[in-house]
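Down below is the structure, laid out as C-alpha cells.
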Amino acid sequence: MTRDNESSFFRKPITRRQALKVMGAASAAGLMGAGMPGVLNAQTGEKRPNIVFILSDDHRWDHLGILGHPFLETPNMDRLAAEGVLFENAFVTTSLCSPSRASFITGTYAHTHGVKNNITPWNNDNVTFMELLKNVGYDTAFIGKWHMPGNMPNLRGVDEFITFTIQGGQGRYFNCPLIVNGVEEPSKKPYITEELTDRAIEYITMDRENPFCLMLSHKAVHHKFLPPPEYADRYSDVEVDYPDEMNPLLLFKSQTHFAGVFGSVDLQYKNYCETIYAMDEQIGRVLDTLDEMGVADDTVVIYAGDNGFFWGEHDTIGKRWAYEESIRIPFIVRYPRGVTDGGWSASGMVLNVDVAPTILELVGVDVPDHMEGESFKPSLTNPDIPGREAWLYEYFKDYPYRYPQHYAVRTDTHKYVLYDGRWKPEIFDLKNDPKEMNNLYGTPEGEELLPLLEARLNGFLEQYGLM
Amino acid sequence: METQSCSKRIVRPVAVLFLIAALAFFGFNNASRISNQSLFHIIAVVCGVVHMICVVFSAAIIYPVAYRRGASPRERILGSLFVPVAWMIKEFIVVSGVYTFFETLYYILNPVNVFLLSLALLQMGICELFGRRRRKRRGEDIRVFAVPAALAVVVALGLLIFLFRGLGVYSFYVFQEGYKAIFGFGVGV
C-alpha cells in the first residue's frame with residue numbers, strides 16, 4: 001500500500017456494520033491463531049503453507065526431460081520446474097542413501113547427525129524438521145523409504161510413519177510389506193511407487209484443520225531399477241550414447257553383484273529410465289491431488305534426489321565418489337504463493353542440508369543454531385542470489401564397498417578431493433573440464449590452485465572438527 | 001590311468017589357465033585405452049568373458065585334465081582352486097587399501113567368494129563322479145559313487161541355493177550383519 005492509500009483508509013469514516021465486520025474478522029483471526037496454532041505464521045501472520053517433500057533414490061540430476069535428456073520423459077517433474085524453481089546446482093554432502101537422507105531431514109552433515117554410512121544407526125536424539133513443524137501445529141507424515149540403520153525409531157513429531165524394513169530397509173519394488181505406525185501390513189498394490197503414492201494421497205486428502213507436512217520418500221529409482229510391467233519395454237529400442245570410457249561389462253567389476261544387479265549395463269540403464277518414468281507418473285498424481293483440493297498455491301512442493309548415480313562415467317556404476325554425476329541431484333521447488341513467477345532456474349549452489357532450514361523459514365519457524373544448512377528461501381524470489389561459494393563433501397567408509405574415506409571442497413569452478421590411504425588427491429577445473437577427466441594434481445596448474453583449495457578444505461575440516 | 005609328471009599333470013594346466021586369466025584380466029581393465037570404440041568394446045567383452053570363465057569354471061577345466069593325467073586328489077583340489085583363490089587374493093589386496101587387516105580378513109567370507117568356492121566344490125564333485133564313471137567304463141574296478149564327491153555336490157548345492165536367495169541380496173545382508181556383530185558400525189568411521 002502507498003502512503004496516500006494508508007492515510008485515506010484510516011481517515012475514511014466507516015459505518016457500524018463495517019466496524020462490526022472488521023472486528024469480527026480480527027477476532028476470528030485471533031481465535032485461529034490461538035485455537036489452531038499451526039495455521040498462521042507467527043512472524044508474518046500469513047497462513048502457513050503445506051509442505052510436500054518428495055525424495056527419490058539415486059535419481060541423477062540430468063535425468064529430467066526439461067534438462068534435455070535425449071529420451072527420458074518426466075512431464076510431471078518438468079511441470080514442477082515450469083511452475084517453480086529448478087535449482088541447477090544442487091548437491092548432496094554425502095553421496096549415499098542413509099547419510100544423505102538424514103542430512104535432508106536434520107539440516108546437518110553426516111558427521112553431525114551420525115549416520116555416516118549405511119551401517120551407523122540413526123540417533124533418535126536428532127531433531128528433524130517434521131518435529132519442529134509438529135511443535136507449531138502441523139500434521140506430519142513420513143511415507144516411504146526410511147533406510148536408517150538401527151532399530152525403527154519412535155520418530156518424534158511424526159503422526160503417520162509408514163515405511164518398510166525388508167531387505168535392510170531398501171524395500172522391494174513388488175509386493176513390499178509395509179510397517180504402518182509400527183504394525184506390519186501387506187501392500188495393497190503390487191508396485192511400491194504406486195502404493196506409497198496411494199498412501200500419500202490418502203494422507204493429503206484427510207479432513208484436517210491444520211496445515212500438513214508430508215515427506216514422501218520413494219524407493220525408486222534404487223537398484224534393482226524395476227519398472228512396473230506396463231513400462232518395462234518403454235525404452236528397449238532406444239540407442240543410448242554411453243560414456244566413451246565405459247566398459248560394456250562394467251557391472252562385473254563395480255560391486256553391483258552385492259546388490260543382485262547383473263546383466264548388461266544397457267538393460268539396467270533402460271530399466272532405470274523406465275523406473276524414473278513410472279515414478280514421474282506417480283508424482284503427477286500427487287500434484288493433481290493438490291490441484292483438485294485447491295491447495296496447490298498454498299503448498300510448498302520440493303522434489304529432490306538423495307544422491308546421483310554413475311552410468312559408466314569414470315568407468316563405474318553407482319555413487320559415493322565425489323565426482324559430479326554422483327553428488328549432483330535434481331532439485332525443484334514449487335510454491336506459487338512464495339515463488340516469484342515460477343519457471344526459472346536458480347544457479348547458486350544449494351545442498352541437501354539446506355532443505356530443513358528452508359522449510360522452517362518458509363513456515364516461519366526459527367532455524368535452530370545446530371543446523372548446518374542455509375535457507376535458500378531468498379533464492380525463491382530472486383534469481384540473482386549467488387548462493388554459497390564453497391562447501392564440504394564427505395564420504396565415510398561403508399563396508400564392504402571399496403571406496404576410501406574422502407573429503408572434498410567444491411567451489412563454483414573447482415573441486416579438490418583428498419582421499420585416505422593410497423589414492424592420489426584430485427583437482428578438477430570444472431569450467432574447462434566438466435567431466436572431470438583431467439586430474440590437475442601434480443601439474444603446474446594444479447600447483448597454483450592447490451594452496452587456495454587446500455586452505456578452503458582445511459577451513460571446513462577445522463570448522464566441523466574433522467581435523 | 002597313467003600318472004604323468006607333476007609338471008604335466010598339474011603345474012602346466014594350472015599355469016596355462018592362470019596366464020589366460022591374467023591376460024584376460026589385463027585386457028578387460030585396459031581395453032578402454034584403445035581409441036577405436038568398437039575394438040575397445042570387443043576386446044573388453046571377450047576378455048571379460050574369458051576372465052570370468054577362467055575364474056568361475058576353473059575347477060571344471062583343471063580337475064578333469066588333472067584327473068586324466070593321474071594327479072592325486074590333493075593335487076586336483078589345489079589345482080582347481082588356484083585361479084579362483086588367486087582372484088580372491090587380488091580382491092583382498094584391493095580391499096586392504098580401504099579397510100583394516102581384520103576387516104579385510106572378514107571380507108574373505110563375502111558372498112562372492114563363498115559363491116566361487118561353492119561352485120568350485122560343485123564342479124570338483126561332479127568331475128570326480130564323471131571321472132570315476134569313465135574309469136569304470138574302461139574296465140577299472142572302481143565304485144562310481146564316492147561319498148566325498150557326493151557330499152561335495154550336496155554341500156555346494158545347498159550353499160548356492162542359500163546364496164541365490166533374492167539373487168544374492170539376502171546373503172549380502174547376512175554378511176553385513178556378521179560384520180556389524182564383530183566390528184560394530186565400522187572401524188574408524
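A few notes on this one:
To keep it simple, each residue is scored yes or no on (1) under 20 Å from residue A:92 (Cα atoms); (2) at pLDDT 95 or above; (3) in contact with a strand residue (DSSP E or B) (Cβ under 6 Å, 6 or more places away or on another chain).
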| site | (1), (2), (3) |
| --- | --- |
| A:401 | yes, no, no |
| A:416 | yes, yes, yes |
| A:434 | yes, yes, no |
| A:440 | no, yes, yes |
| A:443 | no, yes, no |
| A:447 | no, yes, no |
| A:451 | no, yes, no |
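To keep it simple, each residue is scored yes or no on (1) crowded, with 22+ Cβ neighbours inside 10 Å; (2) β-branched (Val, Ile, Thr); (3) touching a Lys or Arg at 6+ places or on another chain (Cβ under 7 Å).
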| residue | (1), (2), (3) |
| --- | --- |
| A:365 | no, yes, no |
| A:387 | no, no, no |
| A:397 | yes, no, no |
| A:402 | no, no, no |
| A:421 | no, no, no |
| A:431 | no, no, no |
| A:437 | no, no, no |
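- For residue B:64, the test of being closer than 30 Å to residue A:248 by Cβ, part of a helix (DSSP H, G or I) and away from every other protein chain (no Cβ under 14 Å) is failed.
- Residue list for the stretch A:304-354, restricted to those being among the aliphatic types (A, V, I, L, M), farther than 22 Å from residue A:284 by Cα and modelled with pLDDT of 95 or more: A:322, A:327, A:349, A:350, A:351, A:353
- Of the candidates B:115, B:145, B:164, B:102, the single residue that is in contact with a helix residue (DSSP H, G or I) (Cβ under 6 Å, 6 or more places away or on another chain) and either aromatic (Phe, Trp, Tyr) or under 30 Å from residue A:222 (Cα atoms) (or both) is B:115.
- Residue match in the stretch B:87-109 (condition: away from every other protein chain (no Cβ under 14 Å), under 28 Å from residue B:162 (Cα atoms), modelled with pLDDT of 95 or more and out of contact with any strand residue (DSSP E or B) (no Cβ under 7 Å at 6 or more places or on another chain)): yes
- Matching residues in the stretch B:155-173 - criterion: being away from chain A (no Cβ under 14 Å) and touching a residue at least 24 places away in the same chain (Cβ under 8 Å): B:155, B:156, B:157, B:159, B:160
- Residues that are farther than 24 Å from residue B:65 by Cβ, of a type in the set (Phe, Trp, Tyr) and part of a helix (DSSP H, G or I) are absent from the stretch B:114-123 altogether.
- Enumeration of residues in the stretch A:191-229 that are of a type in the set (D, E, K, R) and free of Cβ contacts under 8 Å to residues at least 40 places away in the same chain: A:195, A:198, A:202, A:207
- Test: residue A:440 is under 27 Å from residue A:116 (Cα atoms) and of a type outside the set (S, T, N, Q): no
- Selection of helices (runs of 4 or more DSSP H) fully inside the stretch A:96-156 by the criterion of at least 1 residues being under 27 Å from residue A:467 (Cβ atoms) and out of contact with any helix residue (DSSP H, G or I) (no Cβ under 7 Å at 6 or more places or on another chain) returns A:97-106, A:110-113.
- Here residue A:282 passes the criteria (1) farther than 26 Å from residue B:116 by Cβ; (2) free of Cβ contacts under 8 Å to residues at least 60 places away in the same chain except the one numbered (2).
- Any hit, the stretch B:92-110, residues being in contact with a Leu (Cβ under 6 Å, 6 or more places away or on another chain) and either in contact (Cβ under 8 Å) with a residue 24 or more places away in the chain or in a helix (DSSP H, G or I) (or both): no
- Qualifying residue in the stretch A:72-84 (condition: part of a loop (DSSP other than H, G, I, E, B) and in contact with a strand residue (DSSP E or B) (Cβ under 8 Å, 6 or more places away or on another chain)): yes
- Looking across the stretch B:142-188, the residues that are part of a loop (DSSP other than H, G, I, E, B) and either touching a strand residue (DSSP E or B) at 6+ places or on another chain (Cβ under 8 Å) or under 13 Å from residue A:400 (Cβ atoms) (or both) come down to B:186, B:187.
The values are calculated or read from the model by the stated rules, or taken from the named source; none is laboratory data. Please read these numbers as outputs of a predicted model, since none were measured by experiment. Neighbour counts are summed over all protein chains in view; Cβ atoms, including those assigned to glycine, are modelled from backbone coordinates with ideal geometry.
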